[in-house]
Amino acid sequence: MTTLLVANDGGHLMQLHTLRPRLGVGDDVVWVTVRTPQTESMLAGEQVHWMLPCPPRDGAAVARNALAARTLFREHDVRLVVSTGAALALAVLPQARLRGIETVYIESATRRDKPSLSGRAMAAMPGITTFSQSSDLDKGSWHYLASPWDLYDVTPTARPSIRSMVVSLGTQEDYGFRRLLERLVPLVPSGTQVLWQTGCTDTTGLGIDGRARVPAEEMRTAIRDADVVVAHAGTGIALMALENGKFPVLVPRRAKHGEHVDDHQLTIALDLALRDLCISRDADSLKERDLVAAASHRVSKVTDPPPLLISGVRVPRQRGVAAAAAVVAAVDA
């Protein structure tokens, strides 16, 4: 009996990948995600069903992936579908539920007190169990599962020399973050080796060797060996930094500067800063001493976290509109 693990690439997939050992889903797993250098590297050796790119709020992409997802249910005896979002969940989870398959949606850790658009759609469909990763979102149809940040602790260390850095701006298309690079480049100590993962950001004239994407294993190794990690405040890169013992400097993208669709990265950075798991700075206020402070701390992780019960759980649900079910049903017509 197969479990489908469904997530968009980036932070959504990183969250699900980190959660997987605690979910008790067994070994018969098929990952459902978008093919990129990062996802190919992260899921090397796993069984993967590659989907088409599914950008946020792209209804046509959801429809195309919904059609493609029918193959999953023909080729596998699916018993459980689990997703951490986002748009791929809309393409796969409703079809699973309409086939009577147990279906679980775990809201992204980026959503502190209200669900995403995908989450609201999942909560409106009868029979889909919805969990949150924030205790503030434990109401109505949402049941608090666990916070990914509870597994980490920080201790100060002797102040090291900064000899290597990783800078990551993520891979979100159409949203550059040049404001951070313009502030950060002059702060990097002379002679420091830097891996610049810059996504779609224009690096012209900055004198750096930017790479749009870096395979997950290469990024993981670079972070493990680095003295400092500076990144946009994305959940995926924050998790990867903490997983590899680093106390990151997180710089949230701001909607008012055209750096993202909204200000959810402010929430992520604030949450981690309040837990003493990062240094949070606006791009315009970043200073060299922030790099030194980040290099002077190390992160440890709970070695044997408790399992999380998601299968067989039925959370009381609010009555909602299930019109989405009719749309998805038409895919199989």
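A few remarks follow.
- Radius of gyration and maximum dimension Dmax of segment 151-301, Cα, Å: 14.0, 41
- Using 0.36 nm per residue and subtracting the Cα-Cα separation, the extra length available between Asp209 and Ala68 on full extension is 47.0 nm.
- In whole angstrom, the chain maps to an equivalent ellipsoid with semi-axes of 35, 20, 18, each derived as √(5λ) from the alpha carbon gyration tensor and ordered largest first.
- Efficiency of FRET from Cβ geometry, Asp28 and Val292, R₀ 45 Å, rounded to 0.05: 0.40
- Label-zone membership for segment 21-35, site Leu308, 7 angstrom Cα→C-beta point, backbone N under 20 Å: 21-34
- Residues in segment 75-106 that a label on Arg120 would reach, taking backbone N under 12 Å of a point 7 Å out along Cα→Cβ: none
- Relative contact order of segment 151-301, defined on C-alpha pairs under 8 angstrom at six or more residues apart (%): 32
- Added length on full extension, which subtracts the Cα-Cα distance from 0.36 nm per residue, Ala158 to Ser41: 38.8 nm
- The chain: relative contact order in percent, alpha carbon pairs under 8 Å with at least 6 residues between: 20
- The trypsin sites (Lys or Arg not before Pro) of segment 49-111 meeting both criteria, a DSSP state outside H, G, I, E and B (loop) and at most 15 other C-beta atoms within 10 angstrom of the site's C-beta, are Arg57, Arg99.
Each value in this text was obtained by applying a stated rule to the coordinates, not by laboratory testing. Bear in mind the structure is a predicted one, so any value in this text is a computation, not a measurement. Neighbour counts are summed over all protein chains in view; Cβ atoms, including those assigned to glycine, are modelled from backbone coordinates with ideal geometry.
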